[in-house]
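First the structure, in the form of structure tokens, and then the observations on it.
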């Protein structure tokens, strides 16, 4: 199973994702402050980052760019619950700036696990042999 870092400023979203992933056997670290991500990635070997795009301290696009630059082999999923009209725009921006997969909120377990599979598969192609 994967070691996954989830970043979202909404405690309920963090709890739901953490519970879903842990029940599937993944190791999960859940934080509500995007500024903590770099330090966590330096301390722990993590396979996947799942981040919200809209957060108060540092937006997800900035976070995706920073993680992609400093930790190029970490898989990244960008998620957003912004209005339906703008959601695709922001999610595609996440993909453009380095996310391996995108996930629109609200989502179910099937979508979450499909996004994880997609992101981990793409990240595996970037790892040196």
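Assorted remarks:
To keep it simple, each residue is scored yes or no on (1) loosely packed, with under 13 Cβ neighbours inside 10 Å; (2) touching a helix residue (DSSP H, G or I) at 6+ places or on another chain (Cβ under 7 Å); (3) without any contact (Cβ under 8 Å) to a residue 12 or more places away in the chain.
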{"site": "44", "(1), (2), (3)": "yes, no, no"}
{"site": "55", "(1), (2), (3)": "no, yes, no"}
{"site": "61", "(1), (2), (3)": "no, yes, no"}
{"site": "72", "(1), (2), (3)": "yes, yes, no"}
{"site": "81", "(1), (2), (3)": "no, no, no"}
{"site": "90", "(1), (2), (3)": "no, no, no"}
{"site": "103", "(1), (2), (3)": "no, yes, no"}
{"site": "106", "(1), (2), (3)": "yes, no, no"}
{"site": "112", "(1), (2), (3)": "no, yes, no"}
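- Failed criterion for residue 25 (all others in (1) assigned to a helix (DSSP H, G or I); (2) modelled with pLDDT of 95 or more; (3) surrounded by fewer than 18 Cβ atoms within 10 Å (Cβ to Cβ) hold): (1)
- Residue list for the range 28-40, filter: in a helix (DSSP H, G or I) and touching a strand residue (DSSP E or B) at 6+ places or on another chain (Cβ under 7 Å): 34, 37, 40
- Any chance residue 53 is at pLDDT below 95 and within 11 Å of the chain's Cα centre (by Cα): yes
- Test for residue 13: is it assigned to a helix (DSSP H, G or I), surrounded by fewer than 21 Cβ atoms within 10 Å (Cβ to Cβ) and touching a strand residue (DSSP E or B) at 6+ places or on another chain (Cβ under 9 Å): yes
The values are calculated or read from the model by the stated rules, or taken from the named source; none is laboratory data. As the structure is a prediction and not an experimental result, all values here were calculated from the model. Every residue, glycine among them, receives a Cβ derived from its backbone with ideal geometry; neighbour counts consider all protein chains shown.
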